[in-house]
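Nothing in this text is a laboratory measurement; each read-out follows from the coordinates by a stated rule. Here the structure is a predicted model, which means the values were calculated and not measured. Every residue, glycine as well, gets a Cβ built from its backbone with ideal geometry; the counts of neighbours run over all protein chains shown.
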Amino acid sequence: MQIFLDTADYREIKDRYETGLVSGITTNPTLVRKSGVNYFDFISRLSRDFSFESISAEVDGNNADDMLQNAREYIAIGSEVTIKLPLTKEGLIACKILSEQGVKTNVTLCFSASQAVMTALAGATYISPFVGRMNDNSFSGVELIRAIGGLYGVKRVETKILAASLRDVHHVSRCLMYGADVVTLPTAVFDKMYNHVLTDAGLAIFEKDFKEING
């Protein structure tokens, strides 16, 4: 059970890294565009400054050859860099080649169990089902996690389920319960996982009692 952060904001990552609870980072072109960073430099800086198990770098390209060429630039950064590929025919071809070379891969934009079958056959390190986006389109993202988890469990598949597009704390725990190995979270969701109104109420009582104990 692991938590990754889904962000391209260096300061957000640094602040949460200090908790010791974050194992990796996922990124995508949209997050990078919003942050205004140079993608390659950003991945390089994360590799240099932190000890993450996985840092996903999404590659560009219309075919497998283009994706592989783009991937080589990121692979040179370090072994923790995970090449993020689209769940398309060309993306899976590139995934198969990279997997056979011992490169970590993250196949993204998964929306069905059948796609998860193809991803496992391509030898991906991670598969990223998009829970929130499924929910946006009136399908249950959590049920997709359950279906993939059941399938991978029965067949003893090594590909890890990385639940993505998570927008609330409730879905985090349910995805982990139903088979996700990893959840990747916006920092706002990560921060909310600490919080509960009853914890706050109990802490207020304890603080009051401490004051009375200490005179």
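Just a few scattered comments:
- Alpha-carbon centroids, segment 165-210 and segment 30-66: separation in whole Å: 28 Å
- For segment 2-213: lysine pairs under 25 Å (alpha-carbon distance), excluding those fewer than 8 apart on one chain: 20
- Against the main long axis of the alpha-carbon atoms of the chain, helix 39-49 sits at an angle near 50°.
- Of every Cα-Cα pair in the chain, the percent that sits beyond 32 Å: 21 percent
- Listed residues VAL32, LEU144, ILE83: farthest to the positive end of the dipole of the chain (Cβ charges): LEU144
- Hz values of 3J(HN,Hα) by residue in segment 125-132 - Karplus curve (6.51, -1.76, 1.60), Gly and Pro given as x: 6, 10, 10, 10, x, 9, 5, x
- Efficiency of FRET from Cβ geometry, ASN38 and HIS196, R₀ 45 Å, rounded to 0.05: 0.70
- Net length gained if the chain between THR19 and ARG72 were fully extended (0.36 nm per residue, minus Cα distance): 15.9 nm
- Of the residues GLY61, GLN101, SER51, the one whose Cα sits farthest toward the positive end of the charge dipole of segment 46-114, with +1 on the Cβ of Lys and Arg and -1 on the Cβ of Asp and Glu, is GLN101.
- Computed from label points 7 Å out along Cα-Cβ, the spacing between ARG48 and ASN63 is 3.6 nm.
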